[in-house]
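*Asks:* Sharing a structure here in structure tokens format.
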Amino acid sequence: MSPLQTLLGVFAAHDASGWPAFDAVPGVQWRDPKPLDNPDATGPDMSHYRGGNLLLSGFGEVDVPDGKVGADAGTKKDNEGNVGVTLNGDAANVHSIALVKFYPSDNYQEIIQHQLSGGTTIKPVGGACELDFGTTAANTQKNAFFQITLGAGSTPIYAEGYVDEEDGNQGPGATTFVFYRSKPAQRMAAMRCKES
């Protein structure tokens, strides 16, 4: 199984959603040894986070920002599938998982499906959103929502994909995936997404 499928398997097992269950997921390298307080939390479900990296399959080598800032900023070669992963939750449990990769790729379903082995299903549940979240501006991020079932009898989880287009000299843009335990219906409604 891919690192993402293994990570989502832990996430989907509701009895194993506590932070320690994620400590030894094969293929995930944690930068943070334990959950940290999130000073920018927007609610109790986001009061803690833990960051790391994993590799998505199906991508090749590209130029990515080297992490330096200002005049020292440059690029380095890396696999486009080398993504940052962040667990978000409260003090006891993980409530969502975010993945961010460089470069905008709006073939979300294809990317996720490429990480999943047989017996798993992914189907669209929403898209064609009218608004960017939390604004009255037209949707520019191409948000789309999916239901993922990791195997017969397993509880479905949900995924959202969206892109940030290239932003001048700020980098090559990005693609973000957020995985939720339940359908993010309020978020979809706020963005006026069409349900599939």
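*Asks:* Give the aspartates and glutamates whose C-alpha is closer than 12 Å to that of Lys34, dropping any in the same chain fewer than 8 places away, or say none.
*Replies:* Asp23
*Asks:* At 222 nm, what value in deg cm²/dmol follows for the chain if DSSP H runs of at least 4 each add -39500 (n - 2.57) and the sum is divided by all its residues, to the nearest 500? Can you show the working numbers first?
*Replies:* Working: 3 runs with 24 residues, N = 196.
Calculated mean residue ellipticity at 222 nm is -3500 deg cm²/dmol.
*Asks:* Could I ask something else about it? Please report the relative contact order for the chain, taking Cα pairs under 8 Å with a sequence separation of at least 6, and give it as a percent rounded to a whole number. Numbers along the way, then the final one.
*Replies:* Values: 426 pairs, mean separation 36.4, N = 196.
Relative contact order comes out at 19 percent.
*Asks:* Related question: With all distinct Cα pairs included, what does the Kirkwood hydrodynamic radius of the chain come out to in Å, to one decimal, could you say? Mind showing how you got there, number by number?
*Replies:* Working: mean 1/r = 0.0571 Å⁻¹.
Over the chain, the inverse of the mean reciprocal pair distance is 17.5 Å.
*Asks:* Then there is this: Ranked by accessible surface with a 1.4 Å probe, highest first, in what order do Met1, Met188, Met46 come? Each step should come with its number before you reach the end.
*Replies:* Numbers: Met1 165, Met188 5, Met46 65 Å².
So, going from the largest accessible area down, we get Met1, Met46, Met188.
*Asks:* Under 13 Å between alpha carbons, and skipping anything fewer than 8 positions from Lys194 in its own chain: which aspartates and glutamates qualify?
*Replies:* Glu130
*Asks:* For the chain, with a Gaussian network of springs between Cα atoms less than 10 Å apart, report the residue from Ile97, Ile111, Ile148 with the top mean-square fluctuation.
*Replies:* Comparing Ile97, Ile111, Ile148 in a Gaussian network model of the chain, the most mobile one is Ile111.
*Asks:* Right, something else. First measure r as the distance between the Cβ atoms of Lys34 and Thr6, then evaluate 1/(1 + (r/R0)^6) with R0 = 22 Å and state the FRET efficiency to the nearest 0.05. The partial results should precede the final answer.
*Replies:* Numbers: r = 20 Å, r/R0 = 0.90.
The calculated FRET efficiency here is 0.65.
*Asks:* Excluding Phe145 itself, calculate the net charge of residues whose Cβ lies under 12 Å from the Cβ of Phe145, where each Lys or Arg counts +1 and each Asp or Glu counts -1. Kindly include the intermediate steps, with their values, before the conclusion.
*Replies:* Working: positive: Lys123, Lys142, Lys183, Arg187, Lys194; negative: Glu160, Glu195.
With Lys, Arg at +1 and Asp, Glu at -1, the net is +3.
*Asks:* Further question on the same structure: Find the accessible area per residue for region 41-130; the probe is 1.4 Å, ligands and nucleic acids are left out, and the unit is Å². Display every interim value, and only then the final one.
*Replies:* Working: 4380 Å² over 90 residues.
For region 41-130, the per-residue accessible area is 49 Å².
*Asks:* Can you tell me, using C-alpha contacts under 8 Å and at least 6 residues apart, the relative contact order of region 1-108 as a whole percent?
*Replies:* Details: 184 pairs, mean separation 25.5, N = 108.
Contact order relative to length: 24 percent.
*Asks:* Sticking with this one: At a 1.4 Å probe radius, carbon and sulfur cover how many percent of the accessible area of region 58-187? Could you put the intermediate results ahead of the total?
*Replies:* Values: 3130 of 6330 Å².
Summing carbon and sulfur atoms, their accessible area is 49 percent of the total for region 58-187.
The values are calculated or read from the model by the stated rules, or taken from the named source; none is laboratory data. Every value quoted in this text rests on a predicted model; they were computed, and no experiment measured them. Note that we place each Cβ from the backbone using ideal geometry, even for glycine, and neighbour counts take in every protein chain shown. Note: areas computed on protein heavy atoms with side chains; ligands, DNA, RNA excluded. Shrake-Rupley method; radii C 1.70, N 1.55, O 1.52, S 1.80 Å.
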